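Rule-based calculations on the coordinates, nothing more; no lab input. Predicted, not measured: the structure shown is a model, and the values here were computed from it. Reconstructed Cβ throughout: ideal geometry from the backbone, glycine too, with neighbour counts over all protein chains shown.
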Amino acid sequence: MRLALPLLVAVAVLFLVSLLTGPAEIGLGRSLAALFAGGEDPVALVMRDIRLPRALLAVMIGASLGLSGAAMQGYLRNPLAEPGLIGVSGSAALGAVLAIQTGLAATFALGLPLAALAGALGGVLLVMALAGPRGTSLTLILGGIAVSSLAGALTALVLNLSPNPFAASEIVFWMMGSLADRSMTHVWLALPLMVVGWALLAGLGRGLDALILGEDAAQAMGIDMARLRLMLVVGTACVVGAGTAVAGAIGFVGLVVPHMLRPLVGAHPGRLLWASALGGAAMVLLADIAVRVILPDRDLKLGVLTALVGAPLFLHLILRLRRERI
Amino acid sequence: MSLVSVNDLGVRLGGRAVFSGVSFEIGTGEVVGLIGPNGAGKTTLMRAVLGLLPFEGSSSLAALPAAERAQLAAWMPQAREIAWPVSVESVVMLGRVPHLGTLQRPGVEDRARVAAALERMELADMRDRPATQLSGGEQARVLIARALAQDTPLLIADEPIAGLDPAHQISTMQSFAALADAGKSVLVSMHDLGLAVRHCTRLILLGEGRVIADGSPGEVLTPERLARVFGISAWYQVTEEGPVYQPLEVLR
């Protein structure tokens, strides 16, 4: 609980800072008043239609990535696991890329996110069919790798055959991940799926704790492994599919955040779930503030920044681990 | 009263019958040693009894819903897995998982059981250390304590004393005997026939795809069976210090 308060405060403060960050210089009091006042005042429009959805999506996607990353690492008992491992983000990206290429994305506003969700659904069904109903964690990883590489190859094929350079560059930029220019419609599209996913993943705590002792021992302690795996896969698919659909691929958060917070929760996989959800929200909020502050006029992509920050952070963790092992 | 009743149990792995026609019951107050050469199917038998793999025949434990079975039998697998650097006490507390409701936190009784199990395995001093930093033998003791904390009428342990130092091998077997004195029972697979003879009330000898013998240590470990199943000779005598059993030579 000593960790919950600082994390909650960090998320709340970063949320406020995110609301106050942008090209339009609006004071603290004025912007917060505008948020609740309503009306057609331009400040209120900027706050409600541009900055609020952006900050909300940062919290939702960050929490989703942190939570699903912690759940995936706990289930696979491997600190290198991440939510993308089961191929959902890859297949969601394929759906989005097809929407851009076919022009569906340009025809109506929700064409791209809906196509990405369809891609995610196809990917997760394929992974579950490949992994089988009684399979172990190994069959799940293998199924995930198969689906990820297939989706990656098909995405590359679309880019390869794309006759339209504008569509190709749009695809490349979309795949970098961003929260710029998202609306409340995106929030309402992603939220229901994410709430379902959060509920499924949050219920895994006890099972993941028991899994410390291995699948056999956990099963003998009354944990239903098939059910746990189904909840994990469906929950991850919901949160990552919805996140990728509205914001593109944002890497490293699901990998790094559980890793950083693990020592602070006594390495308990169950407690790491909620801690990583809060930590992920804080990290994506921070990264999304940073892209606006560092290069305000160049549309720096969020996914690029998280990868740039995440990779060295991860190296640092590896070096620390190496020192401990010697 | 029987804690587990196994009838005509058989397991096929990859089309090959590991064993078949295995029947036995375990009552209260028994320390049953499961012995047999490598590959005889000791681990497979224990997992089948618990319903952790597909089998033919019947096992009263496997027939129960998972949550109910976890109240009756604790299982300590041979693979000593501790995935994350959680504290020793946390690992042992996992034994209380089957007794807790969905959102229930460990209470006074749970803590008392964990403390008793830590004490029993002489782990009280290292309760706050990360379990992954302990030696292999210490980890084995942590996992035995975890199974003890589950506080079930039946404990099924797969080679729990392999890799322990002699003192802890003996004290672990004595812990099992203490459980039996309290009316509980233990099914334990092991290779050290000397310890099995001294500390088990009953032995089940598994080999040649079936149960070869089931009875008191003296009845089961006849020289002919030792020669046939294990291919060894041994010296066996009931002395003033209790039964002493020493394997001597390889015969084949």
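Name the long-range amide H neighbours of B:Leu61: under 5 Å, sequence gap of 5 or more, or other chain; modelled H, no Pro or chain starts.
HN-HN under 5 Å from B:Leu61: B:Ser5.
Using a 10 Å cut-off around each Cβ of peptide B:72-80, what is the average number of partner chain Cβ atoms that fall inside?
Mean number of neighbouring Cβ atoms from other chains: 3.
Please state the relative contact order of chain A as a whole percent: Cα pairs under 8 Å, 6+ residues apart?
In percent, rounded to a whole number, it is 30.
Could you state the per residue volume, in Å³, of the convex hull enclosing the Cα atoms of chain A?
Dividing the Cα hull volume of chain A by its residues yields 144 Å³.
When the helix-only estimate is applied to the protein assembly as shown (DSSP H runs of n ≥ 4, each -39,500 (n - 2.57), divided by the residue count), what is the mean residue ellipticity at 222 nm, nearest 500 deg cm²/dmol?
About -17500 deg cm²/dmol.
Work the Kirkwood hydrodynamic radius out for the stretch B:172-221: mean of 1/r over every pair of different alpha-carbon atoms, inverted, in Å.
Working: mean 1/r = 0.0868 Å⁻¹.
Computed over the stretch B:172-221, the radius equals 11.5 Å.
Residue-wise, which Karplus ³J(HN,Hα) couplings in Hz belong to the stretch A:163-177, taking 6.51 cos²θ - 1.76 cosθ + 1.60, θ = phi - 60°, and x for glycine or proline?
Result, ordered by residue: x, 10, x, 5, 4, 4, 6, 5, 4, 4, 5, 4, 5, 6, x Hz.
Give me the one-decimal nm value for the distance between modelled label points at A:Leu150 and B:Ala227, 7 Å along each residue's Cα-to-Cβ direction.
In this crude label model, A:Leu150 to B:Ala227 measures out at 6.1 nm.
For A:Ala12 and A:Leu32, compute 0.36 nm times the residue count separating them, minus their Cα-Cα distance, and round to one decimal in nm.
5.8 nm
For a protection proxy built on the mean count of beta-carbon atoms within 10 angstrom, sort A:168-181, B:97-110 highest first, please.
Top of the packing list down: A:168-181, B:97-110.
Tally Lys and Arg at +1 and Asp and Glu at -1 over the other residues with C-beta under 13 Å from the C-beta of A:Asp224: what net charge comes out?
+3
Would you kindly compute the Cα radius of gyration of the stretch B:2-250 and its largest Cα-Cα separation (Dmax), both in Å?
18.2, 57
Output the 0 to 90 degree angle, nearest 10, between the alpha-carbon long axis of helix A:225-247 and the longest principal axis computed from the alpha carbons of chain A.
Orientation of helix A:225-247: about 20 degrees from the principal axis.
Volume per residue, Å³, of the convex hull around the alpha-carbon atoms of the protein assembly as shown?
Convex hull of Cα atoms, per residue: 183 Å³.
Any idea how far the Cα center of the stretch B:100-158 sits from the one of the stretch A:202-261, in Å?
Each part reduced to its Cα centre gives a spacing of 25 Å.
Hey, quick one: spin label on A:Leu3, modelled 7 Å out along Cα-Cβ, who in the stretch A:244-286 has an amide N within reach, i.e. under 12 Å?
A:257-280
So for each of A:16-27, A:195-206, A:241-252 I average, over its residues, the number of other beta carbons within 10 Å; can you give me the resulting order with the highest mean first?
By packing density, highest mean first, the sequence is A:241-252, A:195-206, A:16-27.
Once you list every other residue whose beta carbon is under 14 Å from the beta carbon of A:Gly74, what net charge do they have if Lys and Arg are +1 and Asp and Glu are -1?
That works out to +1.
Of all the Cα-Cα pairs you can form in the stretch B:186-249, what percent are over 19 Å apart?
On the way: 484 of 2016 pairs.
Roughly 24 percent, once rounded to a whole number.
Would you kindly work out the equivalent ellipsoid of the stretch A:202-326 from its C-alpha gyration tensor and give its semi-axes, the square roots of five times the eigenvalues, largest first in whole Å? List each step's numbers first, then the result.
Working: eigenvalues 191, 79, 24 Å².
That gives 31, 20, 11 Å for the three semi-axes.
Obtain the nm distance between the two label points defined at A:Thr107 and B:Thr28 by a simple spin-label model: each point lies 7 Å from its Cα along the Cα-to-C-beta direction.
Between A:Thr107 and B:Thr28, the label points sit 7.3 nm apart.
Taking the Cα atoms of the stretch A:54-152, report the difference between the largest and smallest coordinate on each principal axis, in whole Å and largest first.
Largest to smallest, the principal-axis extents are 43, 31, 20 Å.
Just to confirm a number: summing +1 for Lys and Arg and -1 for Asp and Glu over residues other than B:Ala40 whose beta-carbon lies under 11 angstrom from that of B:Ala40, what do you get?
Surrounding charge for B:Ala40 is +1.
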